[in-house]
Amino acid sequence: MAQPKSMYVCQGCGYRSPRWLGRCTDCGAWNSLVEEPITSSRTRKGQHGFADDCTPVPLADVDVGATPRQRTAIEEFDRVLGGGLVPGSVVLIGGDPGIGKSTLVLQAVAALGSSERPALYVSGEESPEQIKMRAARLGLADRPVWLLAATEVEAILHRVKAMRPAVLAVDSIQTMWAAELESAAGNVSQVRECAARFVRWAKATYVPTLIVGHVTKEGAFAGPRVLEHMVDTVLYFEGDRSHAFRILRSVKNRFGSTNEIGVFEMTERGLQPVCNPSAHFLAERPRGAAGSVVAACMEGTRPVLIEVQALVSPSVLANPRRTTLGFDPNRTSMLIAVLEKKLGIQLFGQDVFLNAAGGVRMSEPAADLAVAAALGSSFLERPLDPELAVFGEVGLAGEVRGIQHALLRVQEAARLGLRRCLMPRTNLRQIEGLPEVERVGVASLNEAWDVLFGR
Ligand code: TYD
Ligand code: MG
């Protein structure tokens with residue numbers, strides 16, 4: 001009888017079974033058995049009789065080479081990666097179907113390949129003809145990119161070993177499968193095993209690897225969470241498909257900061273970097289509408305002006321709605337409580353909707369004051385000065401606290417032609433020059449209200 005090539009292993013206790021079970025007979029966990037390949041210990045051992053080459057090296061002697069990062073010249077992509085692709089690093093790119101993952105990856109590999117060392121784009125989803133058609137649309141049809149339509153991971157790695165491409169792209173990990181496993185491509189065990197092999201190969205050869213991953217309805221990677229642990233960098237491509245904007249966000253990066261974003265626009269000629277996101281986020285702002293406020297936020301090291309919109313209207317529900325898009329719901333609840341307690345604004349019978357326009361997320365407390373201003377403006381039906389930018393953290397006592405990078409925020413407001421900034425008083429002295437922008441410093445919500453609504 002043929003030897004089985006795989007076993008089902010409980011992810012909780014390690015119990016092994018030759019066939020799949022709904023419940024682990026050892027620890028009793030449901031749905032915990034995952035198929036894993038059997039590799040005999042003999043084939044794993046090297047010349048010393050150990051699986052790994054176990055020789056420590058002094059930290060000082062480790063050579064990182066002269067060019068540690070490869071730039072793709074797609075500025076927004078490089079920025080999210082922390083300044084370019086690190087050799088041997090594995091980048092996982094996730095996002096909803098049709099958001100532009102394949103387009104981004106094709107543009108990136110086309111930029112990295114050279115005639116001496118072409119890039120390799122492995123697709124399990126599209127045929128070379130389809131990819132060629134897309135490349136032609138992007139104006140990349142004659143770039144040194146090789147295409148491979150294949151899905152079996154060993155066959156792919158065998159080809160790739162011979163070729164040593166400048167960069168490898170795998171689109172998508174859910175279509176790849178390893179012959180040792182019986183389960184279908186896209187299963188947890190297949191995704192994990194294939195990803196592990198690509199990662200191992202990238203580390204051994206120093207070829208940077210871009211892996212496209214599908215996401216589930218909830219927005220997590222389809223397949224095991226371990227996928228995110230295995231790779232060096234995890235990027236999510238976000239955006240509303242009905243809008244042209246795409247935001248590339250890093251949620252894990254071993255070689256850079258995770259608070260950078262890249263902003264792109266999907267055009268007829270592929271993804272174009274948006275170097276001036278503030279102008280785009282404010283482009284469709286309704287001037288003179290109650291509930292609309294410009295918040296001066298930071299995305300990583302970059303100041304971005306974002307329009308905060310609030311809608312406060314009497315509720316017919318016993319529990320009024322509190323819906324927020326792009327802002328932490330807990331912080332919103334806190335701000336509502338502070339407005340009620342400190343300013344006597346009665347929001348308890350009101351539905352509250354809050355939206356950061358353009359599909360962005362404001363993750364900093366510095367957006368608090370702008371959110372409070374938007375809520376007040378909508379509640380009072382009093383439009384705010386359209387030339388005003390707002391930033392500052394709000395505390396539970398109703399105080400307005402200082403924040404970081406005040407100067408960058410005011411500079412960004414000035415660059416976009418805004419004339420006033422409402423900001424924490426403690427940050428005032430950090431601002432030099434910029435006579436074109438009037439700075440109004442406040443230390444409490446009460447003072448802010450006087451400035452905003454002239455009580
Ligand atoms: P795609 O990269 O195939 O998405 P994913 O791999 O994430 O599923 O992008 C598909 C969408 O992008 C599709 O709806 C068409 C649009 N698109 C453009 O608008 N312009 C272009 O130049 C390209 C290549 C795609
Ligand atoms: Mg695709």
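Structural remarks
- Inter-label distance, nm, simple model (7 Å from Cα along the C-beta direction), residue 284/residue 23: 5.2 nm
- For the chain, 54, 194, 275, 297, 421 stand unpaired, since no other cysteine beta carbon lies under 4.7 Å from theirs.
- Å² of accessible area per residue within the range 70-275, as computed with a 1.4 Å probe and no ligands counted: 41 Å²
- With 5 Å bins from 0: P(r) over the range 331-412, alpha-carbon pairs, percent: 3, 13, 24, 26, 21, 10, 3, 1
- Total formal charge among the other residues, if their Cβ is under 11 angstrom from that of residue 205, Lys/Arg +1 and Asp/Glu -1: +4
- The modelled label-to-label distance between residue 206 and residue 71, using points 7 Å beyond Cα along the C-beta direction, is 2.1 nm.
- FRET E, pair residue 38, residue 257, Förster distance 45 Å, beta-carbon r, rounded to 0.05: 0.65
- Whichever lysines have a C-alpha closer than 24 Å to that of residue 252, once near sequence neighbours (fewer than 8 apart) are set aside: 101, 203, 217
- The share of accessible area on the chain that comes from carbon and sulfur is 52 percent, using a 1.4 angstrom probe.
- Nearest-ten-degree value, helix 188-205 long axis tilted from longest Cα axis of the chain: 80 degrees
- Prolate/oblate/rounded label for the range 70-275 (Cα gyration tensor, a/c 1.5): rounded
- Principal-axis analysis of the Cα atoms of the chain puts helix 101-112 at an angle of about 70° to the longest axis.
- Modelled spin labels at residue 31 and residue 439, positioned 7 Å past Cα toward Cβ, are 5.5 nm from each other.
- Of the residues 333, 315, 172, the one with the largest accessible area comes first in the ranking 333, 315, 172, computed with a 1.4 Å probe on protein heavy atoms.
- Mean-position separation - Cα centroids, the range 56-112 and the range 147-177, in angstrom: 17 Å
- In the chain, the DSSP-assigned H stretches of four residues or longer account for a calculated mean residue ellipticity at 222 nm of -7500 deg cm²/dmol, using -39500 (n - 2.57) per stretch and the full residue count as denominator.
- Rg/Rg_ref, the range 280-453, where Rg_ref = 2.2 N^0.38 Å and atoms are Cα: 0.95
- Residue 203 sits with roughly 90 Å² accessible to a 1.4 Å probe, with DNA, RNA and ligands left out of the calculation.
- The order of 325, 138 by accessible area, most exposed first and with a 1.4 Å probe, is 325, 138.
- Fully extending the segment from residue 382 to residue 62, taken as 0.36 nm per residue of separation minus the present Cα-Cα distance, adds 108.9 nm.
- Remark: C-alpha extents of the chain on the principal axes read 86, 56, 49 Å, sorted largest to smallest.
- In terms of its C-alpha gyration tensor, the range 130-210 comes out oblate, because a/c is 1.5 or above while a/b does not outweigh b/c.
- Electrostatic tally near residue 255: other residues with Cβ closer than 10 Å to its Cβ, Lys and Arg +1, Asp and Glu -1, net +1.
- Cα long-axis angle, helix 406-415 against the chain (0 to 90 degrees, to the nearest 10): 80 degrees
The values are calculated or read from the model by the stated rules, or taken from the named source; none is laboratory data. Since the structure is predicted, the reported quantities are computational estimates derived from the model, not experimental observations. As a convention, Cβ positions derive from the backbone with ideal geometry for all residues, glycine included, and neighbour counts pool all protein chains shown. Surface accessibility is based on the protein's heavy atoms, side chains included, excluding ligands, DNA and RNA. Shrake-Rupley method; radii C 1.70, N 1.55, O 1.52, S 1.80 Å.
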